[in-house]
Amino acid sequence: NKTSTLFNYLKHKSTIYTLLSDMVVLGGALFFNFNAIRCYGFFCLDIVMMILFFVIYMKEVNEIEDYLSMLVTFCFFLLIMYIFYFDMVMDIGKYIGITFEEENSLKADINIFYPYYDIGIFLVFSFLGNLHITRLLLKIKSSEKTGFFEVKSVIYRMMMVPASLFIAVYLRMIFKLNINVAPIISFIVLKNILEYWKFKALLRLKVKVE
């Protein structure tokens with residue numbers, strides 16, 4: 001039943017890692033005044049981590065034949081992420097209050113992640129969560145369904161970047177949330193809805209989730 005599925009989802013290792021990574025970002029926004037753009041940088045690096053494991057999975061199941069193709073595929077997805085983050089996030093973000101002055105000063109500077117230790121903790125949780133999912137998938141026989149699951153997971157996660165910003169506009173209007181908090185809550189909610197979908201999809205694929 002749904003209650004049992006939800007309880008098992010909350011015990012799932014990948015869910016725990018996801019929630020821990022979310023707490024790093026949300027805690028930073030609430031208690032350390034993280035900038036919204038900085039937080040989306042965290043989320044985009046999480047997506048890059050997911051893409052990396054997607055490419056590794058495709059190589060392991062021989063959908064990608066050599067390391068050159070693996071590199072080209074990874075770079076292709078990175079290019080799309082660049083467009084999503086540096087262009088779409090900035091363009092949509094200005095409509096929820098992120099000014100162009102703020103955008104230009106933070107846009108292409110790695111100092112956006114200073115003091116770095118928090119992004120390190122975040123990436124550890126992201127790595128562990130994606131590693132766990134990939135290991136579970138590799139334990140079962142590869143099929144069109146498993147490949148389709150991986151492709152959909154990556155595409156849905158990438159689309160969450162602009163989608164969460166649109167939703168943040170309404171969150172700010174309805175609940176009068178802080179400019180930095182609204183888009184973060186929006187992304188985290190969408191992210192966990194996607195994670196729950198992934199969990200149920202894994203069950204349908206007969207994966208023994210842990």
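Past 23 Å, Cα to Cα, is the threshold; run Lys13/Lys176; Lys2/Lys198; Lys2/Lys208; Lys11/Lys206; Lys145/Lys198; Lys59/Lys145 against it and keep the listed order. Please report the intermediate quantities before stating the final value.
Working: Lys13/Lys176 34 Å; Lys2/Lys198 15 Å; Lys2/Lys208 18 Å; Lys11/Lys206 18 Å; Lys145/Lys198 13 Å; Lys59/Lys145 16 Å.
Those over the limit are Lys13/Lys176.
Any idea of His132's accessible area? Nearest 10 Å², probe 1.4 Å.
20 Å²
Chymotrypsin sites (Phe, Trp or Tyr not before Pro), restricted to the stretch 1-57: which are DSSP loop and have at most 14 other Cβ atoms within 10 Å? Walk me through the numbers before you get to the answer.
Values: sites: Phe7, Tyr9, Tyr17, Phe31, Phe32, Phe34, Tyr40, Phe42, Phe43, Phe53, Phe54, Tyr57; in loops: Phe32, Phe34.
Qualifying residues, ordered by number: Phe32.
Which sequence of Glu60, Glu195 reflects their accessible areas, 1.4 Å probe, from the largest down? Before the final figure, lay out the partial values.
Details: Glu60 115, Glu195 10 Å².
Reading off the accessible areas and sorting them downward yields Glu60, Glu195.
Return the loop-located trypsin sites (Lys or Arg not before Pro) in the stretch 125-210 (DSSP other than H, G, I, E, B) with at most 14 other Cβ atoms within 10 Å of their own Cβ; answer none if there are none. The partial results should precede the final answer.
Working: sites: Arg135, Lys139, Lys141, Lys145, Lys152, Arg157, Arg172, Lys176, Lys191, Lys198, Lys200, Arg204, Lys206, Lys208; in loops: Lys139, Lys141, Lys176, Lys206, Lys208.
The qualifying sites are Lys139, Lys141, Lys176, Lys206, Lys208.
The values are calculated or read from the model by the stated rules, or taken from the named source; none is laboratory data. If you're wondering where the values come from, they're calculated on a predicted model, not measured in any experiment. Methodologically, a virtual Cβ is constructed for each residue, glycine included, from the backbone with ideal geometry; neighbour enumeration extends over all protein chains shown. Keep in mind that these areas ignore ligands, DNA and RNA; they rest on the heavy atoms of the full protein, side chains included. Shrake-Rupley method; radii C 1.70, N 1.55, O 1.52, S 1.80 Å.
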